[in-house]
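Working notes, structure below.
What follows draws every value from the coordinates through simple rules; no lab data is involved. If you're wondering where the values come from, they're calculated on a predicted model, not measured in any experiment. All Cβ positions, glycine included, derive from the backbone under ideal geometry; neighbour counts span all protein chains shown.
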């Protein structure tokens, strides 16, 4: 089923027989990344299934995989996301977004991550998207400033 909001279509297959299979994130230190991703991704239902120290880690949930790799030499250096003093969210252009079914689930996952010692870049926020829809999200960053968003597009606040 297609759902339109903000000019985008959600729940749309990429094309016949094509789906997003995996995402690969570059990190600078695999040990530090393992400590972060083992704890963070487990809250979202991912399990680490593979690793090849000191080069890569592989996490899976269903048919979706997230790879965490160390590139030699490093290819990317990210700065921490800018968080304005006035609290207004600036878009973070390069990030991974995990879709969940409700705004309540977004808030529940934030609470679970906070209990594990994580601090969000942005706390759960409800933004009017179009008419009766709300875009509910929070954002987190790993030790290399890769940004991970948890969001839902919902009809009710």
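Key figures for this structure:
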item	result
Beta bridge orientation in region 18-154: antiparallel %, DSSP, nearest 5	70
Length added when fully stretched, residue 28-residue 108, from 0.36 nm per residue minus Cα-Cα	25.8 nm
Point-to-point label distance, residue 16-residue 51, nm (Cα→Cβ direction, 7 Å offset)	4.3
Of all DSSP beta bridges in region 19-74, antiparallel share, percent nearest 5	65
Mean Cβ neighbour count within 10 Å, used as a protection proxy, ranking 109-116, 16-23, 48-55 highest first	109-116, 48-55, 16-23
Distance in nm between pseudo-label sites at residue 128 and residue 43 (7 Å out along the Cβ direction from Cα)	3.0
Protection proxy ranking of 28-35, 139-146 - average other beta-carbon atoms within 10 Å, highest first	139-146, 28-35
